[in-house]
Amino acid sequence: MSDNSIELRGVTKRFDNTVAVDDLSLTVKDDETYGFLGPNGAGKSTTISMLLDYQRPTEGTARVLGQDPQTDGAEVRAKIGNLPDQYSTYNKLSARRHLQFVIDTKGVDDDPERLLERVGLTDVINEPAGTFSQGMKQRLALAMALVGEPELLILDEPFTGLDPHGVRTVRDIVQAERERDTAVFFSSHILGQVELVCDRIGILHNGRLIAEGTLDELRANIDADEDASIEDIFVAYTHDSVRATTEGVR
Ligand SMILES: Nc1ncnc2c1ncn2[C@@H]1O[C@H](COP(=O)(O)OP(=O)(O)OP(=O)(O)O)[C@@H](O)[C@H]1O
């Protein structure tokens, strides 16, 4: 059994003339919370879609929970909780029915009410999702990701669209999952939250991993002040990726 939840080796993904992900190698340990950052268009969602075998690498290999998503995709996805970027709900179906669908698909016996309680949606358990606000849909999608006590949570922009209560709820859930030794891999532009929950951070820019480490390591690599914020660090790395790459700041 591998000690790593995610192992990417030399992964490249091309779309016609666009190199969305460029020779990406990255490891996430099985008890680690890893923040995957990068400017718009950096390649984060494309990377996540390859972990789930929704898209396939042009080159390189991915292993997730010790398995190859290309050959064992269904098995791998059954062990993962995934919050996709911009989840679309089925407008006529209730929150309960959404959860029951995932519970049945995964073949587990979780209680929908308990899951909705975790994301603060028990009051609307029988309401159709079409009546939900964007933030409520996001909470529902997160509850769906938690079905079956996944070994790995992959969250694409989990904080987006949430009010401060929702942001805190997501953060509490990430922390609770971490205490359960679940690996968490998430992308986010909400850097303050990343700083609060992540063990390590990777910064992707133009498809390349230009920096990786703890926040202190990222600060040290660019000789940033001790009190430099995560936003300062992110901007310093990504405003000029060529410099960061050639100076070997990883
Ligand atoms: N299906 C596709 N066909 C062509 N190009 C694509 C496709 N999917 C993504 N791309 C391109 O790949 C690059 C990476 O996109 P991706 O969505 O992975 O970035 P991202 O880091 O998730 O961005 P954001 O933070 O804006 O969500 C972009 O240049 C995008 O236009």
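The values are calculated or read from the model by the stated rules, or taken from the named source; none is laboratory data. Predicted, not measured: the structure shown is a model, and the values here were computed from it. Heads up, the Cβs are rebuilt from the backbone with ideal geometry, glycines too, and the neighbour counts pull from every protein chain shown. Side chains are part of the model used for accessible areas, which takes the heavy atoms of the whole protein and leaves out ligands, DNA and RNA. Shrake-Rupley method; radii C 1.70, N 1.55, O 1.52, S 1.80 Å.
Rounded to 0.05, the FRET efficiency of the Asp123 and Tyr54 pair, given R0 = 30 Å and the Cβ-Cβ distance, is 0.35.
Build a GNM of the chain with springs between Cα atoms under 10 Å apart, and of Ala224, Ala143, Ala211 the one that fluctuates most is Ala224. In terms of its C-alpha gyration tensor, segment 4-248 comes out prolate, because a/c is 1.5 or above and the ratio a/b outweighs b/c. Taking amide H positions as modeled 1.01 Å from N, with prolines and chain starts lacking one, the residues under 5 Å from Leu93 and 5 or more places away or on another chain are Ala129, Gly130. Dividing the helix sum by the residues of the chain, where each DSSP H run of 4 or more adds -39500 (n - 2.57), gives a mean residue ellipticity at 222 nm of -10000 deg cm²/dmol.
Rounded to the nearest 0.05, what FRET efficiency do Gln100 and Asp232 have when you use their Cβ-Cβ distance and R0 = 35 Å?
Working: r = 45 Å, r/R0 = 1.29.
The value I calculate is 0.15.
For segment 21-27, the Karplus equation 6.51 cos²θ - 1.76 cosθ + 1.60, evaluated at θ = phi - 60°, returns couplings of 9, 10, 6, 8, 10, 6, 10 Hz by residue, with Gly and Pro reported as x.
A straight chain from Asp111 to Asn91 at 0.36 nm per residue would run longer than the Cα-Cα distance by 5.1 nm. GNM remark for the chain: springs join alpha carbons under 10 Å apart, and the peak mean-square fluctuation among Thr169, Thr131, Thr12 falls on Thr131. Taking amide H positions as modeled 1.01 Å from N, with prolines and chain starts lacking one, the residues under 5 Å from Val184 and 5 or more places away or on another chain are Glu32, Thr33, Tyr34, Leu153. Rolling a 1.4 Å probe over the protein chains gives Arg139 an accessible area of about 40 Å².
How much accessible area per residue does the chain have, in Å², with a 1.4 Å probe?
Numbers: 11950 Å² over 250 residues.
Value for the chain: 48 Å² per residue.
With all protein chains in place and a 1.4 Å probe, the accessible surface of the chain carries 43 percent carbon and sulfur.
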